[in-house]
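Here's the structure, in structure tokens; my notes come after.
The values are calculated or read from the model by the stated rules, or taken from the named source; none is laboratory data. These figures come from a predicted structure and were not determined experimentally. Please note: Cβ atoms are built from the backbone with ideal geometry, for glycine as well, and neighbour counts cover all protein chains shown.
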Amino acid sequence: MARAIWAGSISFGLVSIPVGVYSATEDHTVHFHQFERGTTDRVRNLRVNERTGDEVEYGDIVKGADVGDGKYVVVEPDELEAIAPGRSRNLEISEFVDLDEIDPIYYQRTYWLAPTGEEYHRPYALLLQALSDSNRAAIGTFVMRGKEYLAAIRPDRDVLALQTLYFPDEIRDPHEMLDLPSPREVRKDDKELAMAMRLIDAMSGPWKPEQYRDSYRERVEKLIEDKREGREIVSEAEPPDPTDMTDLLAALQRSVEAARGKGGSGAERAGAEKRTGSRKAGKEKKSGEKAGKERAEEKDLRSATKSELLERARELDVSGRSSMSKEQLADAVREAS
């Protein structure tokens, strides 16, 4: 049985349901110890008195708030508890809101809620079903580990999820800190916008989280294993070059065609099949002179070195050329020219 990281009650109206809060996620990041380079000596972080240099036990540490001019106000843990009696053991629901109205930027971390006893199963199940049927979330605040949280309790299939939220003053205004384009820079009739919409449609599909994995963590684990076995370390390809904005439409067009080649959406595939039939009919009318020219160009591409292909790809502004193999470069150059 998992161990609750917080235990208390959620209450709304005159109903109170004792629950436990459990972590819904776990961290699989590869963690490293610290060593002094050239030695096997561990480097550790210690709590040290900056005046005496002596290590301080955790139980002897208190909190101090900086009030300016090098002065601090020391606060004891029981003093923090005293100013919010019971808040660390109760989450009182203040209102219910439509789930779709919560901006995802407010979501912080997800926990599971479970009743602490069988006798509380029915009120728990009633709240879960009511939230599911109404597509609403319960909003309230509670104190956990010395910090007050704004929280949303929402249905997640057959369990209640507690979603800690950022307070509004914790959300930074992007317009005050970023150089952003004006919405007027893109018109509804822009060809690039139409092509971008086609690309989104071609790459659209159902949400399947199981198809994604932490490939960076896998590479870190492989690096550790390769070094342990004394194998050669293979470097990954550099990221692709930024797209030349003067050729944005062509880059989008090639992206759409590449997405269609991988399957694309049903609508895109149907349209692609129709266009393929039209192109096939047109290709059959090609003159012998043009076909001969294409065969000569194909032979030229096959005999070119990778560096020569890379140079031609650079002249044609082929996106992602730095990470392509020789065969991929030849295909990209053929299509771009």
Residue, nearest to the chain's Cα centre (by Cα), within the range 1-26, restricted to residues that are of a type in the set (Val, Ile, Thr) and either not assigned by TED's automatic domain parsing to the domain that holds PHE142 or not in a strand (DSSP E or B) (or both): THR25
Which listed residue, of ARG47, ARG51, ARG42, is more than 36 Å from the chain's Cα centre (by Cα), not assigned by TED's automatic domain parsing to the domain that holds GLU92 and not aliphatic (A, V, I, L, M): ARG51
Failed item, numbered, when ALA138 is tested on (1) surrounded by 18 or more Cβ atoms within 10 Å (Cβ to Cβ); (2) closer than 25 Å to ASP27 by Cα; (3) in contact with a Phe, Trp or Tyr (Cβ under 6 Å, 6 or more places away or on another chain); (4) of a type outside the set (D, E, K, R): (2)
Matching residues in the range 98-135 - criterion: being farther than 18 Å from PRO168 by Cα and exposed (fewer than 12 other Cβ atoms within 10 Å of the Cβ): GLY117, GLU118, GLU119, ARG122, ASP133, ASN135
Residue tally, condition in contact (Cβ under 8 Å) with a residue 12 or more places away in the chain and over 30 Å from ALA138 (Cα atoms), over the range 164-194: 2
Search result, residues across the range 3-37 that are within 20 Å of HIS121 (Cβ to Cβ) and aromatic (Phe, Trp, Tyr): TRP6, PHE12, TYR22
Every pair of residues 6+ apart whose Cβ atoms lie under 6 Å, when the first sits in the range 195-214 and is free of Cβ contacts under 8 Å to residues at least 60 places away in the same chain and of a type outside the set (Gly, Ala, Ser) while the second is surrounded by fewer than 16 Cβ atoms within 10 Å (Cβ to Cβ) and outside any helix (DSSP H, G or I): none
Residue count for the range 195-205, restricted to those that are farther than 14 Å from ARG254 by Cα and either of a type in the set (S, T, N, Q) or surrounded by 12 or more Cβ atoms within 10 Å (Cβ to Cβ) (or both): 2
Matching strands (runs of 3 or more DSSP E) fully within the range 64-119 where at least 2 residues are under 30 Å from LEU131 (Cα atoms) and touching a Ser or Thr at 6+ places or on another chain (Cβ under 9 Å): 90-98, 107-115
Tally, over the range 206-240, of residues that are surrounded by 10 or more Cβ atoms within 10 Å (Cβ to Cβ) and either at positive phi or among the small types (Gly, Ala, Ser) (or both): 1
Selected residue [charged (D, E, K, R) and surrounded by 10 or more Cβ atoms within 10 Å (Cβ to Cβ)] from GLU36, GLU76: GLU76
Selection count where residues are at pLDDT 85 or above and farther than 25 Å from PHE32 by Cα, scope the range 211-246: 1
Residue satisfying condition, being out of contact with any Asp or Glu (no Cβ under 8 Å at 6 or more places or on another chain), outside the structural domain of ILE93 (by TED's automatic domain parsing) and not in a helix (DSSP H, G or I), within set LEU180, LEU193, LEU160: LEU180
